[in-house]
Structures are given as C-alpha cells and as structure tokens.
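The values are calculated or read from the model by the stated rules, or taken from the named source; none is laboratory data. In this text the structure is predicted, and so the values were computed from the model without any measurement. Note: ideal-geometry Cβ built from the backbone for every residue, glycine included; neighbour counts use all protein chains shown. Surface accessibility is based on the protein's heavy atoms, side chains included, excluding ligands, DNA and RNA. Shrake-Rupley method; radii C 1.70, N 1.55, O 1.52, S 1.80 Å.
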Amino acid sequence: MAQNYYEILGVSKTASQDEIKSAYRKLARQYHPDLHPGDKACEEKFKQINEANETLSDPQKRSQYDYTLDHPNAGGFGGFGGGFSGGGFDFGDIFGDIFSQFTGGGRSSRPQAQKGEDITIELSISFMDAIKGCTRSVSYTRNETCSSCKGTRAKNGTEFTKCEKCNGTGQIRYVSQSSIFQTVNVRPCSDCHGTGKKIKEPCPDCKGKGYVKKKTELQIEIPAGVDNGNILKKRGLGEASVNGGPAGDLNIIISVLPHKIFKRKGADLYVELPISYKTAVFGGKVQVPGVDDTFTYTVPEGTQSGKMFCVRSKGVKSRMGSGDLYLTVVVEVPKALTKEQKKQLEALDESIDNDKQYVKIKAYQDNVNSLYGVDPYK
C-alpha cells in the first residue's frame, strides 16, 4: 500500500472518530496552503491529510480500508493503492468553521454585521479633580445613524430591492476543482457589498451613506481616583455602523495635570517637606497638606534630611480603599549667617561629641582614613 492514513493523521488504528477529527483539524490548520503560499511540499501534505480524513471519517470506507491494511495481498480498494480520487469533496462545508479567515467567509447565509469604529479623545483634568472626581463636558464629531433611512442608505428606508447577483444572500460562492478535492470559497457579494439589497433611490438626507456627521456633547462623570492614562469607555457613542451593526465606543483618555505639591504613585501621595535646621534638631509641628485640608504633623527631634514618614490613609480614596501619604523631609541650611551667628555655631559644634552625635560622619571619616590615610574633614 502506498501510504498509511493512520500514520498521516498521527493516530492509532483503534482511534475513535473524535480522535480522528481532532487530529485532522490540528494538521489541517498547520498545513493549510493559505498559511504557506508557494510551498509545494506543504500543499502535497495538505492533500494527503484531506485524503486520509475523508476515508477514516467515513465508517464504511474506513472498514474497507482497514481490511485492505490487514490483507495487503487481497487487491486494492477504491483506488487506495494509487491515491484516493476525492471526487465531490466540499472544502467549504467541512472547513468553513476553521478557515473562514482565509477563504473570506464561513457557512452563514449573510455576513455578520460589523461594529462601528471606536472614537478616542483626550480629556485633561486637574490633579485634585482626578483624586476627588468631577463632572466634565466633552464635545466631538461622530457619524450617527441617519434617522431618515435608519441606516439602510435607501430613501425612506424602503427604496431598495433584492440583489439579483447573490439572490439576496449577500454572498457569492466561488468553486474551484482540483484533482484531489473541491474548494468552495464564500465571499461578500461585490454588487451589494454583502447587504443582499440593491438601493433603488439613495436617501437624500445622508446621500446614501447611511449615516450623518454630527457634533455630540456629553457630560462625563469622572470617578474619584482616576489616574493619568486611564481610559473611560462609553459604549455605543462611537462611529455608527454602515451595515446594521452596533455603533462603536467612545474612549476617553484621562490626562492629569501636574500638582505644585503632590506627586502620585498609584493610590499613594508624596510630598517633599522642607524644614529648618532648628526644627530638624529640636523637632516641631508642621502644617502638612492633605487632599481636603491641611493637618498638623509633629517632626521628631533629630530628624535627618531625606527621612521619609508615612501617614496612613491620607492618600487617594477610591472604591478599592485609601492610599497613604509619604512625607520626605528636606533640611534647609541657612545660607547667610552673621559673624556672631557663625561663632555661636562653631562653639556649639566644638561642644558636641562627634563620635556620638555624628554617627554617619564618624563612619565615613574612619572608612576614608583606613583606605587612603586621609581625614576627609581636615
């Protein structure tokens, strides 16, 4: 026997019909000629797969084929020895659900209505509006379904007839016959563009387009907690469909303007808190900005510059909960001291035990001295 159909499909001789069907679909997808244009070897493999499937998926043909396998000297069956003829094989009926994207259509009598295109606009809001939520007005231009013809493109929505070329189905079947199998390719009708209807008199209001361009104004509710780059989707407020499908969506990209004090990461807020040298040394109370108002925060004694403090639940509030507020302390050193102030500061510095009060300075001094033999502060 020239070829073993079970080996071609990669299944055992005892494989069930479901197993054969599954193997066939997998291989058909893999070797389909539309995926490998110009590949003769792949085309030949695809023919063998179809030939094997047509035999093994038919119980009567499979039974006869199995007998031929078990009795190789008993003579051929139905042309198995030299290749199965495959006459009458309808590619469209068997593969329509798998390869509709390659052949231009499946088995339905009419193309599915396409959704209208989406519209994307950008909306800028302030930092606080993004955190607290707000209402904003937006305006844009969109294609709306013509109210006169209801999108049919025909005058009064009734001035059309059945397309004669496709007989109102909206599709044309193109059949090609090879020596192995027959291919049926289903495509939208070129005369009616898949609608199944020929317009006798175009709608005068939309000029036969099925839609009219209009300016749309909306009040948009911005939920509390939106962030820069978030997208609000308004379904059905995009472009109208031209073939009876639903309208597209309106996508609103939120652009949040920067704030003078706050920075944001997710639901957390960050504030750079400058304090004086005195406050850093002695500690003290500072008014800190919050989302709704300021509040008093006590800076502890001996706070170092760069120290970060966390204030729980003072960040962005949303349905998911509340973020935190992070305060990063920046100690500001006076730049223009008088001679007397400098003397007092030097006296204070000399009275301080550097080893105990300046731990980081002492560690840095020791490390540099041990590595280079140099005191970095002299």
query = Within region 26-44, can you find the residues that are modelled with pLDDT of 85 or more and surrounded by 14 or more Cβ atoms within 10 Å (Cβ to Cβ)?
reply = Leu27
message = Could you list, ordered by first residue, the pairs with Cβ atoms under 8 Å in which the first is in region 333-359 and under 18 Å from Ala280 (Cβ atoms) and touching a residue at least 40 places away in the same chain (Cβ under 8 Å) and the second is among the aromatic types (Phe, Trp, Tyr) and in a helix (DSSP H, G or I), at least 6 apart or interchain?
response = Val333/Tyr277; Pro334/Tyr277
query = Just for region 138-172: of the residues that are among the hydroxyl-bearing types (Ser, Thr, Tyr) and open to solvent by 70 Å² or more (accessible area, probe 1.4 Å), which one is farthest from Ser322 (Cα to Cα)?
reply = Thr158
query = Hey, Val359 hits all of (1) among the hydrophobic types (A, V, I, L, M, F, W, C); (2) within 30 Å of Val311 (Cα to Cα); (3) surrounded by 13 or more Cβ atoms within 10 Å (Cβ to Cβ) but one; which does it fall short on?
reply = (3)
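Which residues, taken from region 362-378, are assigned to a helix (DSSP H, G or I) and either in contact (Cβ under 8 Å) with a residue 60 or more places away in the chain or exposed (fewer than 11 other Cβ atoms within 10 Å of the Cβ) (or both)?
The initial filter retains those residues of region 362-378 that are assigned to a helix (DSSP H, G or I), namely 362-372.
Hits for region 362-378 are Ala363, Ser370, Leu371, Tyr372.
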Qualifying position, being out of contact with any His (no Cβ under 8 Å at 6 or more places or on another chain), open to solvent by less than 70 Å² (accessible area, probe 1.4 Å), part of a strand (DSSP E or B) and more than 30 Å from Ile121 (Cα to Cα), among Val281, Val271 = Val271
message = Going residue by residue through region 312-320, is there one that turns out to be surrounded by 10 or more Cβ atoms within 10 Å (Cβ to Cβ) and closer than 21 Å to Thr279 by Cβ?
response = yes
Total residues in region 165-198, condition at pLDDT below 80, within 30 Å of Ile49 (Cβ to Cβ) and among the polar types (S, T, N, Q) = 7
task = Kindly list the number of the only condition in (1) touching a helix residue (DSSP H, G or I) at 6+ places or on another chain (Cβ under 8 Å); (2) at pLDDT 95 or above; (3) open to solvent by 20 Å² or more (accessible area, probe 1.4 Å); (4) among the aliphatic types (A, V, I, L, M) that fails for Val291.
result = (2)
